[in-house]
Amino acid sequence: MDIELRHASLHWQQHCVFDHLDLTLPGRQWTSILGQSGVGKSSLLQLLCGIADSAVIQGEIHCSDGLALHGRVAWMAQQDLLLPWLNLLDNVLLGARLQQGRRPTSEQRELAGYLLQQVGLGDRTTTRPGQLSGGQRQRVALARTLFQDQPLVCMDEPFSALDAINRLKLQDLAAELLADRTVLMITHDPLEALRLSDRILVLQGHPARLSEALEPEGVIPRAVDDAEVLQHQARLLRLLAGETV
Amino acid sequence: MMRLLRPLIIALGLLLIWQFIVWLTDAPRFILPGPLLVLETLFKQFPLLMHHAGVTLAEILLGLFLGTLLGLVSALSLVTWAGLSRWLLPVLVVSQAIPVFALAPVLMLWLGYGMASKVAMATLIIYFPVTAACFDGLRQTPTGYLQLARTLGASRRAQLFQIRLPAALPAFGSGLRVAASVAPIGAVVGEWVGSSTGLGYLMLNANARMQVDLMFAALLVLAVMALGLYFSVNLIARRLTPWVNETTSSAPRGDSP
């Protein structure tokens, strides 16, 4: 399913951050938006997730299947947002628990357990999040996002709070588990975008505009020392830094 | 080991100072009885003391239960209906400007000399701290949790009961602890103003008859009761929120696994 966002505009304190912005997310592809802080990329993502403040950002969303996008987006934020009072299994099951108003079915529990196994925490289902490290917590958040099984996955700097090694590991895991899904990822790290994305867009300027899509070659997740990745990274870093000079 | 010994040493030290003052000032026993005399009275009058302590304890527990229940329901209503909080919150704050002690005689007049007026006093005195603590806890849910709940398609009801309420439990726990420490004050003040049973009545009566040793014994029983109540409530509050201690003792976030 393709998703199209048209005429998006973001106003912040009577100041236009962007206007008439169009964004297309082709189905089963991983799209990344690169940009500096304050350029409105998180608001753009929240608009798609249906949690944006409508006084601040507005836009029309069209899905290629003609249905509304509302309620069909899985959101993964920079913070893991695990509920400290629930164990890992119940955190993964959160969507089911909140919607049904009754205990999750045994199939749902089985699926949640399987997903925790996939992110390498299959033996910690009854642990509470407080006992986990940052990397482990974000893995659980990834499992929770996968459990929702929505047509669109929106990720807002999902790995930026992690240290370098954990970040690479989690990128590999996310690439594996989210393959063939429609993904929109917001990031300020060109390397992260280059490792994972089919298409990379840069959001910058006053008012902010989206650049032409960069479509790197190679199998995802791309290696950090891949020549093309490094070359693009240098170019993107120059592009992003150029604006502040 | 030291953790257990320390309170004992402190208690022993205080008793010694007490005894020392009695020796030093040579105060008559109807002004300041020594600790030994108070203990002796405590044992001699034990059935009497327990009878009155039972009444006071019942008043405190009932007041604690009603006050907590009312506070919790008020806080839930305040967050559920935003319009209500605009009207009710100022009333609540103004009501706190009236000292509960000043209301005691009126409560006596309305509810009689029995237990009801004391329960009402205890309820009133803990109602505000519990409501305030719960209300603050319910309002301060991390926005991220609520945004996540919305993307997960949670109804307002589900958000309240499955996200905001559990997130407010630690704040509710501190409200309960405050309630447990002030509820005995409410009950005893109620008894002072007018009653025929309870530790407050016993103390007032003993004082009037110059039985200061009995008054001190009643005070001791009351203190032990209040401490016991506080620690039980503290234990319950910690059982309600087992994750709170885990989070603070675990490794800082961002560490590698």
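Only the coordinates and a few stated rules stand behind these numbers; no lab work does. Note that this is a predicted model, so its numbers are computed, not measured. All Cβ positions, glycine included, derive from the backbone under ideal geometry; neighbour counts span all protein chains shown.
Within region A:9-18, can one find any residue that is in a loop (DSSP other than H, G, I, E, B) and surrounded by fewer than 13 Cβ atoms within 10 Å (Cβ to Cβ)? It would help to see each step written out before you state the result.
Start the filter on region A:9-18 by keeping residues that are in a loop (DSSP other than H, G, I, E, B), which leaves A:13-14.
If we keep only those that are surrounded by fewer than 13 Cβ atoms within 10 Å (Cβ to Cβ) too, we end up with A:13-14.
The answer is yes, given that some residue of region A:9-18 is in a loop (DSSP other than H, G, I, E, B) and surrounded by fewer than 13 Cβ atoms within 10 Å (Cβ to Cβ).
Which one of these is surrounded by fewer than 13 Cβ atoms within 10 Å (Cβ to Cβ) and in contact with a helix residue (DSSP H, G or I) (Cβ under 9 Å, 6 or more places away or on another chain): B:LEU57, B:LEU16, B:LEU39, B:LEU8?
Values: B:LEU57 fails: surrounded by fewer than 13 Cβ atoms within 10 Å (Cβ to Cβ); B:LEU39 fails: surrounded by fewer than 13 Cβ atoms within 10 Å (Cβ to Cβ); B:LEU8 fails: in contact with a helix residue (DSSP H, G or I) (Cβ under 9 Å, 6 or more places away or on another chain).
The conditions single out B:LEU16.
From the list B:GLY54, B:GLY71, which one is without any contact (Cβ under 8 Å) to a residue 60 or more places away in the chain, farther than 14 Å from B:ALA217 by Cα and under 28 Å from the mean Cα position of the chain (by Cα)? Can you show your working first?
Values: B:GLY71 fails: without any contact (Cβ under 8 Å) to a residue 60 or more places away in the chain.
Being without any contact (Cβ under 8 Å) to a residue 60 or more places away in the chain, farther than 14 Å from B:ALA217 by Cα and under 28 Å from the mean Cα position of the chain (by Cα) holds for just one of B:GLY54, B:GLY71, which is B:GLY54.
Among A:ARG72, A:ARG124, which is of a type in the set (D, E, K, R), within 12 Å of chain B (Cβ to nearest Cβ) and farther than 30 Å from A:HIS7 by Cβ?
On the way: A:ARG72 fails: farther than 30 Å from A:HIS7 by Cβ.
On inspection, the qualifying residue turns out to be A:ARG124.
Under 6 Å between Cβ atoms, at least 6 apart or on separate chains: pull out the pairs that start in region B:150-164 with a residue that is more than 8 Å from chain A (Cβ to nearest Cβ) and end on any residue that is outside any helix (DSSP H, G or I) and β-branched (Val, Ile, Thr).
Here the result reads B:ARG164/B:THR141, each pair linking region B:150-164 to a residue that is outside any helix (DSSP H, G or I) and β-branched (Val, Ile, Thr).
Out of B:TRP87, B:TRP110, B:TRP23, which single residue is assigned to a helix (DSSP H, G or I), exposed (fewer than 12 other Cβ atoms within 10 Å of the Cβ) and under 26 Å from the mean Cα position of the chain (by Cα)? Spell out the reasoning first.
Values: B:TRP87 fails: under 26 Å from the mean Cα position of the chain (by Cα); B:TRP23 fails: under 26 Å from the mean Cα position of the chain (by Cα).
Being assigned to a helix (DSSP H, G or I), exposed (fewer than 12 other Cβ atoms within 10 Å of the Cβ) and under 26 Å from the mean Cα position of the chain (by Cα) holds for just one of B:TRP87, B:TRP110, B:TRP23, which is B:TRP110.
For region A:152-169, what are the residues that are aliphatic (A, V, I, L, M) and assigned to a loop (DSSP other than H, G, I, E, B)?
Looking only at region A:152-169, we keep the residues that are aliphatic (A, V, I, L, M), and these are A:152-153, A:155, A:161-162, A:164-165, A:168.
Listed by number, the residues that qualify are A:ALA161, A:LEU162.
Conditions: (1) within 12 Å of another protein chain (Cβ to nearest Cβ); (2) in contact with a helix residue (DSSP H, G or I) (Cβ under 8 Å, 6 or more places away or on another chain); (3) under 21 Å from A:ARG139 (Cα atoms). A:SER32 meets all but one. Number of the miss?
Every condition holds for A:SER32 apart from (1).
More than 9 Å from every other protein chain (Cβ to nearest Cβ) and of a type outside the set (S, T, N, Q): does that describe A:PRO129? Full working, then the answer.
Details: more than 9 Å from every other protein chain (Cβ to nearest Cβ): no; of a type outside the set (S, T, N, Q): yes.
No, not satisfied.
Taking A:GLN150, is it closer than 24 Å to A:PRO84 by Cα and within 12 Å of chain B (Cβ to nearest Cβ)?
Working: closer than 24 Å to A:PRO84 by Cα: no; within 12 Å of chain B (Cβ to nearest Cβ): yes.
No: the conditions fail for A:GLN150.
Taking the criterion of being within 28 Å of A:HIS7 (Cβ to Cβ) and surrounded by fewer than 19 Cβ atoms within 10 Å (Cβ to Cβ), would at least one residue in region A:219-230 satisfy it? Spell out how you get there, then give the answer.
As a first pass, look at region A:219-230 and keep what is within 28 Å of A:HIS7 (Cβ to Cβ): none.
Checked region A:219-230: no residue is within 28 Å of A:HIS7 (Cβ to Cβ) and surrounded by fewer than 19 Cβ atoms within 10 Å (Cβ to Cβ).
What tally of residues in region B:42-52 results from selecting those that are surrounded by fewer than 19 Cβ atoms within 10 Å (Cβ to Cβ) and farther than 11 Å from B:LEU214 by Cα?
3
Do you know which of the residues in region B:113-149 that are closer than 30 Å to A:MET76 by Cβ and not in a helix (DSSP H, G or I) is nearest to the other protein chains (Cβ to nearest Cβ)? Talk me through it step by step, then tell me what you get.
First pass over region B:113-149, keeping only residues closer than 30 Å to A:MET76 by Cβ: B:136-149.
Retained after the next criterion (residues that are not in a helix (DSSP H, G or I)): B:140-142.
On the way: B:GLN140: 14, B:THR141: 11, B:PRO142: 8 Å.
Across region B:113-149, the extreme among qualifying residues is B:PRO142.
Counting just the residues of region B:193-221 that are without any contact (Cβ under 8 Å) to a residue 24 or more places away in the chain and in a helix (DSSP H, G or I), which one comes out nearest to the chain's Cα centre (by Cα)?
B:LEU219
Being buried (at least 17 other Cβ atoms within 10 Å of the Cβ), away from chain B (no Cβ under 12 Å), part of a loop (DSSP other than H, G, I, E, B) and out of contact with any strand residue (DSSP E or B) (no Cβ under 6 Å at 6 or more places or on another chain), is that true of even one residue in region A:57-65?
no
Please enumerate the residues belonging to region B:202-242 that are surrounded by 19 or more Cβ atoms within 10 Å (Cβ to Cβ) and aromatic (Phe, Trp, Tyr).
B:PHE216
In contact (Cβ under 8 Å) with a residue 12 or more places away in the chain and within 15 Å of the chain's Cα centre (by Cα): does that describe A:GLN118?
Details: in contact (Cβ under 8 Å) with a residue 12 or more places away in the chain: yes; within 15 Å of the chain's Cα centre (by Cα): no.
No.
Give the residues of region A:101-121 that are within 14 Å of another protein chain (Cβ to nearest Cβ) and of a type outside the set (A, V, I, L, M, F, W, C), sorted by residue number.
Across region A:101-121, the qualifying residues are A:GLY101, A:ARG102, A:ARG103, A:PRO104, A:GLN108, A:GLY120.
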